[in-house]
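Before any comments, here is the structure.
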Amino acid sequence: MNHTVAAVQMISSPSVDENIATARRLVTQAAGEGAQLVLLPEYWAIMGLNDSDKVKVAEPLGSGPIQDFMSGLARELGIWLIGGTLPLASDDAGKVINTTLVYNLRGEHVGRYDKIHLFGFTKGTESYNESKTIVPGKHVGAFEAPFGEVGMSVCYDLRFPELFRALGPVSLIVVPAAFTYTTGMAHWEILLRARAIENQCYVLAAAQGGTHPNGRRTWGHSMLIDPWGTVKSVLAEGEGVVAGEIDLGYMQGVRDSLPALKHRTM
């Protein structure tokens with residue numbers, strides 16, 4: 001039996017309420033198209049005018065409008081919902097944890113991953129430093145979905161293949177992201193396809209994809225990639241939904257014909 005999964009692409013604003021309304025519309029669309037698991041992008045709930053804006057809306061684990069929305073929507077639509085990332089409150093003043101939360105079809109919180117690798121980039125007038133407002137995670141994260149193990153990562157993690165190896169064999173890797181236009185154009189697709197090929201699994205990437213009110217331009221190109229590295233579905237820019245099927249028989253066929261995972265020596 002195949003399972004349909006979907007990635008939501010957004011152009012998030014500084015308004016949590018606006019972003020919740022957009023996420024509701026697009027996740028509902030994905031569920032209407034048959035998706036049983038839906039992935040939201042990184043920073044889906046807020047892309048502030050300043051990096052510190054997300055600190056003001058950070059929630060303690062288990063309560064708050066962002067988490068209540070995700071739990072309620074998963075239950076209402078009867079889907080697995082992976083909440084991209086949201087800002088969770090941390091013990092460090094002025095900093096949040098950039099966290100992915102997973103909800104099952106009953107709306108129960110069943111998984112969590114805190115982004116480990118924090119993005120830093122400077123080229124000309126373009127500069128980013130996530131460590132100013134984010135506390136890094138310390139542990140890999142995975143959860144059991146109806147079609148097997150799902151490994152979690154966030155955006156910049158994509159550049160660190162050892163994280164994905166640490167997950168062990170999984171059926172699906174999810175990558176919520178807000179890749180910049182500059183780095184996305186150069187590296188996004190090739191890194192996603194590499195992770196699918198070397199781990200012989202599906203990769204579902206949900207991106208921010210457009211020019212945001214804060215002036216930042218994100219690359220978009222949300223996509224689903226199969227275990228052979230083939231892009232099955234992609235959305236270049238703008239809001240929307242990317243969907244496709246997880247075919248476990250096909251994945252096993254790839255692993256049987258080219259047993260690279262069994263040939264590993266380190």
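If you take all other residues with their beta carbon under 13 Å from the beta carbon of Lys115, and give Lys and Arg +1 and Asp and Glu -1, the sum is +1.
Mean sequence separation of contacting Cα pairs (under 8 Å, at least six apart), scaled by the length of the chain, corresponds to a relative contact order of 21 percent. Coupling constants for the range 109-123 follow from the phi torsions by the Karplus curve (6.51 cos²θ - 1.76 cosθ + 1.60, θ = phi - 60°), and in residue order they are 6, 10, x, 8, 9, 9, 3, 8, 8, 9, 5, x, 7, 9, 8 Hz; glycine and proline get x.
Each of Ile11, Val96, Thr182 was placed along the dipole of the chain (beta-carbon charges, centred on the mean Cα), and the one lying farthest toward the positive end is Thr182.
Taking the Cβ of Thr230 as the centre, find all other residues whose Cβ is under 13 Å away and add up their charges (Lys, Arg: +1; Asp, Glu: -1). Write down the numbers at each step before the final one.
Details: positive: Arg193, Lys232; negative: Glu189, Asp226, Glu245, Asp247.
Residues close to Thr230 contribute a combined charge of -2.
Where only DSSP H runs of four or more residues are counted, the chain gives -7000 deg cm²/dmol as its mean residue ellipticity at 222 nm, each run worth -39500 (n - 2.57). Of the chymotrypsin sites (Phe, Trp or Tyr not before Pro) in the range 168-266, the ones in a loop by DSSP (not H, G, I, E or B) with at most 16 other beta carbons within 10 Å are Trp228.
With a cut-off of 15 Å between beta carbons, the residues surrounding Thr183 carry a summed charge of -1, where Lys and Arg count +1 and Asp and Glu -1. Taking 18 Å as the straight-line reach from the Cα of Lys132, the aspartates and glutamates in range (excluding those fewer than 8 positions away in the same chain) are Glu42, Asp51, Asp53, Asp91, Asp92, Asp114, Asp157. Would you mind checking Lys138/Lys262; Lys56/Lys115; Lys95/Lys232; Lys123/Lys262; Lys123/Lys232 for any pair whose Cα atoms are more than 29 angstrom apart? In this structure, Lys95/Lys232; Lys123/Lys262; Lys123/Lys232 exceed 29 Å between Cα atoms.
Note on the range 182-266: Cα convex hull, mean projected area over all directions, 6.6 nm². Computed over the chain with a Gaussian network model linking Cα atoms closer than 10 Å, the most mobile of Val254, Val135, Val96 is Val254. Magnitude of the charge dipole for the chain, about its Cα centre and with charges confined to Cβ atoms of Lys, Arg (+1) and Asp, Glu (-1), is about 440 debye. Of the residues Val135, Thr122, Gln200, the one whose Cα sits farthest toward the positive end of the charge dipole of the range 3-257, with +1 on the Cβ of Lys and Arg and -1 on the Cβ of Asp and Glu, is Thr122.
Give me the orientation-averaged projected area of the Cα convex hull of the range 3-257, in nm², one decimal. Please list the in-between numbers first.
Numbers: hull surface 47.8 nm².
Reported value for the Cα convex hull: 12.0 nm².
Since every read-out is calculated from the coordinates, none of them should be taken as a lab result. Predicted model, so just to flag it, every value in this text is computed and none were measured. Because the Cβ atoms are built from the backbone with ideal geometry, glycine has one as well, and the counts that use them run over all protein chains shown.
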